[in-house]
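Structure first, then comments.
The values are calculated or read from the model by the stated rules, or taken from the named source; none is laboratory data. Everything numeric in this text was worked out from a predicted model, so none of it was measured. Methodologically, a virtual Cβ is constructed for each residue, glycine included, from the backbone with ideal geometry; neighbour enumeration extends over all protein chains shown.
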């Protein structure tokens, strides 16, 4: 069973790109044949090893079919503001039925910065996609100034009803923040190719990826293709 992993949250700077790249690192560690896709053309720097899909204007279903034919997992980073477009695409193309024919399960990975707006967004996404997908909620460290209670919130209840996995991603240490400031590279871009960073920054970024990969292992059932997951559990 293949995986279509869609990282989505319409809130700007909610952690989508970093989460998507962390997932690709996790899949790399498990030696999963996968593809990283961005729907933001600005991501297409020299260090980005994936593909760009224009989900708003020029995306066609054969692109998705071709990617799933060639890979065991496809990770799609949905840019801010495009979540509803992707929901409409799923409905119009009857994607749920198509994925069943392709022996593929879809997982929505929703970064959660634990703000009220984020809770509302999670609730909306659960209503839009309902049982078309599995869910992983990636909890990010909260800003105490905007943090709201997650437990017993409408978002938590909706996600619990849908059987979501929940993972806690690590925050950025002071050393990592200092390294990023010194390199003047955006963190998401640094995750594309840590080995291309100065040694101090490479170490800090790699350590964060390792901690994040360990956290993501909790959502293995929804993130790792079935056959690969079974093999990994044997070791």
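Do we find that residue 154 is surrounded by fewer than 16 Cβ atoms within 10 Å (Cβ to Cβ), within 17 Å of the chain's Cα centre (by Cα) and at pLDDT below 95 in this structure? When the stated conditions are applied, residue 154 does not pass them. Just checking, does segment 128-146 include any residue being surrounded by 17 or more Cβ atoms within 10 Å (Cβ to Cβ), part of a helix (DSSP H, G or I) and touching a strand residue (DSSP E or B) at 6+ places or on another chain (Cβ under 8 Å)? Yes: one or more hits. If I ask for residues that are touching a helix residue (DSSP H, G or I) at 6+ places or on another chain (Cβ under 9 Å), assigned to a helix (DSSP H, G or I) and either under 22 Å from residue 49 (Cβ atoms) or without any contact (Cβ under 8 Å) to a residue 12 or more places away in the chain (or both), which ones from segment 179-189 would you list? Once the filter is applied, which keeps residues that are touching a helix residue (DSSP H, G or I) at 6+ places or on another chain (Cβ under 9 Å), assigned to a helix (DSSP H, G or I) and either under 22 Å from residue 49 (Cβ atoms) or without any contact (Cβ under 8 Å) to a residue 12 or more places away in the chain (or both), segment 179-189 yields 179, 180, 183, 187, 188, 189. Here residue 81 qualifies as over 21 Å from residue 212 (Cβ atoms), surrounded by fewer than 18 Cβ atoms within 10 Å (Cβ to Cβ), out of contact with any helix residue (DSSP H, G or I) (no Cβ under 7 Å at 6 or more places or on another chain) and in contact (Cβ under 8 Å) with a residue 40 or more places away in the chain.
In segment 85-103, is there at least one residue being within 25 Å of residue 26 (Cα to Cα), surrounded by 17 or more Cβ atoms within 10 Å (Cβ to Cβ), modelled with pLDDT of 95 or more and touching a strand residue (DSSP E or B) at 6+ places or on another chain (Cβ under 9 Å)? So far as segment 85-103 goes, yes, one or more of its residues are within 25 Å of residue 26 (Cα to Cα), surrounded by 17 or more Cβ atoms within 10 Å (Cβ to Cβ), modelled with pLDDT of 95 or more and touching a strand residue (DSSP E or B) at 6+ places or on another chain (Cβ under 9 Å).
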